[in-house]
Each structure stands twice: as structure tokens, then as C-alpha cells.
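The values are calculated or read from the model by the stated rules, or taken from the named source; none is laboratory data. Note that the structure is a prediction, hence the values are computed from the model and not measured. Cβ placement follows ideal geometry from the backbone for every residue including glycine, while neighbour counts extend to all protein chains displayed.
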Amino acid sequence: MKLHVIERGEGPETVVFLHGLFGRARNLGFLQRGAAADFRTIALDLRNHGDSPHGPVSYALMAQDVLETLNHLEIDRFAVVGHSMGGKVGMMLALAAPERVSRLLVADIAPARTGHGHGAMLDRLGALSFPSALQRREGLDLLEPVAGSRAVAELLLQNIRLGDSPGWSIGFDDIARDIHEIEGWPDLQIAPYEGPVLFLRGGASPYVRPEHHDLIRDLFPQALIHSLPEAGHWLHAEQPRPFLREMMAFLHQSD
């Protein structure tokens, strides 16, 4: 499956950006623009998100989508920056095609089951009744009681078609059916990825915990684990400049 691409910058090395659940490529625009000063950058809408096609969900399938898209762009080797679900796709890419991935930055996710209520939220979202017409403010008001906050409602709203005949613009049914795949992590019998890896976690987030550290280093022996103090799961949005500094330092490190 070929994915929708936002491309910025030029350079001898390429950095690929992968968003999280209910996100899209442009959500990582601040980071992509920062990296584009020194690198060719590619931000992708993963399957069922943004302007990419829809279909069944697994991390193997999503990693294959990324490789197919990069093959079409004639990009052989690349670094990956992935947040949450996109971080798991990045991990799968590094493990399945280590010769393609030069380095990997995983933002606030571990190679483990890391669900925090998405299934219940999806049930509530699936039960929403859309009016005959919907504008931005009314959409936020509709979503906020389900999302639990205005910020999450803003994220979800980008996945809804506004105006007349509103509805989901993403592959909502595919996501809802396969949410156990998104929240989980496959039981892999695979060689570890020996390249440079940075796990950058939110200091106030529950997604990467001390009990995950051994799992991380079993699959990624060279992994560094850093924290952005007081940031939550959306660390790239909450602390964009500290995230950018960590990211650029990592991307410029020599192997």
C-alpha cells in the first residue's frame, strides 16, 4: 500500500516521520521542518489515517506500507522518528529490515502491550450520531465528552469530515476492529536491531515504565532511554523544542 507523503528538505540522509493513532503526517510538522534544514525528510500518513488508503491493521502490514512507499520514492536507507503507534511501526521496520534503517527514535512507546483505554473510547466514538451538518466548534463539543479533554478532541476532529453529511474520513471501522493489534505488540522470534536507538519518553507518561527497559534492550541492545521531565504522552506537542533538540542531537550522532 502506497502512503500519502509530505516531503521537505534535501540532504544525503533521509529521516522518516511516523505519527500515532488518530494522527497524521502533518502533526509532526514542527519536527519535520526542523530536521529539513539538514536532511531530506518524509512524513507519512499511516494506513487508515490522513489521506492514505484503508485496510486491516497489523504492525507487519504497516511496516510493509512504509517500505513500499519508500521503494517508490527510491529511498534505500533512512532514519525513523516515530511517536506511539508510529514508534511501534518504526521498531518493526528496524527489526524486519535492519539494513534499511540507519537509526531509530521511538517517542513514548515500548515494545509491549500499552493500551490505556483506547478500546473503550473507540466504542463510544463508534456510537456517536453525526448531525446533518457539522462545523468545527460543534465537532469539538461533540467529541470532548468522549475524548475527555479539548486537546484530544482537537486531535480526533482532524479525522472527521465537516460540513454537510459529516462522518469519519479515516478507516475508523478498520481501526476499531483491529485496536487489539495497535495496542499490542507481536511475539517476535527475530534477531535484535544493533543500530543506534533512542527511546524518548514523557516523564509524566505511563507508556514506557521501568519494567519495559529489559524488553527494550532485548530487541535494541544499543538503546538509550531519555525522559522529557513533566511531559506526558504527547511530548512532541507539549515540549516541542526540547524534543527537537534531543532529536537533532541523536540524528547527528556518529555511529
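Within the stretch 161-175, can one find any residue that is exposed (fewer than 13 other Cβ atoms within 10 Å of the Cβ) and of a type in the set (S, T, N, Q)?
So far as the stretch 161-175 goes, yes, one or more of its residues are exposed (fewer than 13 other Cβ atoms within 10 Å of the Cβ) and of a type in the set (S, T, N, Q).
Which of the following residues is farther than 27 Å from residue 240 by Cα, touching a Leu at 6+ places or on another chain (Cβ under 9 Å) and not assigned by TED's automatic domain parsing to the domain that holds residue 238: 96, 147, 133?
133
Condition first: without any contact (Cβ under 8 Å) to a residue 24 or more places away in the chain and surrounded by fewer than 16 Cβ atoms within 10 Å (Cβ to Cβ). Can you find one or more residues in the stretch 229-240 that meet it?
Checked against the condition, which is being without any contact (Cβ under 8 Å) to a residue 24 or more places away in the chain and surrounded by fewer than 16 Cβ atoms within 10 Å (Cβ to Cβ), the stretch 229-240 yields no hits at all.
Answer with yes or no whether residue 119 is surrounded by fewer than 17 Cβ atoms within 10 Å (Cβ to Cβ) and over 22 Å from residue 165 (Cβ atoms).
yes
Is one or more of the residues making up the stretch 15-24 of a type in the set (Gly, Ala, Ser) and under 24 Å from residue 126 (Cα atoms)? Talk me through it step by step, then tell me what you get.
Quick first cut of the stretch 15-24, residues of a type in the set (Gly, Ala, Ser) only: 20, 23.
From what is left, the residues that are under 24 Å from residue 126 (Cα atoms) are 20, 23.
Yes.
Among the numbered criteria (1) modelled with pLDDT under 95; (2) surrounded by fewer than 23 Cβ atoms within 10 Å (Cβ to Cβ), which one does residue 27 miss?
With respect to (1) modelled with pLDDT under 95; (2) surrounded by fewer than 23 Cβ atoms within 10 Å (Cβ to Cβ), residue 27 is out only on (2).
Do you know which residues across the stretch 64-92 are closer than 18 Å to residue 41 by Cα, under 13 Å from the mean Cα position of the chain (by Cα) and not β-branched (Val, Ile, Thr)?
82, 83, 86, 87, 90
Find the helices (runs of 4 or more DSSP H) located wholly in the stretch 103-181 whose residues include 1 or more that are under 22 Å from residue 90 (Cα atoms) and touching a residue at least 60 places away in the same chain (Cβ under 8 Å), and list them.
Details: elements: 118-126, 136-147, 150-157, 172-177.
Once the helices (runs of 4 or more DSSP H) in the stretch 103-181 are filtered for at least 1 residues that are under 22 Å from residue 90 (Cα atoms) and touching a residue at least 60 places away in the same chain (Cβ under 8 Å), what remains is 118-126, 150-157, 172-177.
Name the residues in the stretch 90-108 that are more than 22 Å from residue 238 (Cα to Cα) and surrounded by 24 or more Cβ atoms within 10 Å (Cβ to Cβ), would you?
Within the stretch 90-108, 91, 92, 93, 94 meet the criteria.
Select from the stretch 14-36 the residues that are of a type in the set (A, V, I, L, M) and touching a strand residue (DSSP E or B) at 6+ places or on another chain (Cβ under 7 Å) and write down the one among them that is farthest from residue 83 (Cα to Cα).
Checked the stretch 14-36; the qualifying residue farthest from residue 83 (Cα to Cα) is 36.
Give all pairs with beta carbons closer than 8 Å in which a residue from the stretch 209-226 that is under 12 Å from residue 91 (Cα atoms) and modelled with pLDDT of 95 or more meets a residue that is in a strand (DSSP E or B) and among the β-branched types (Val, Ile, Thr); count only pairs at least 6 apart in sequence or on separate chains.
216/225; 220/197; 223/197
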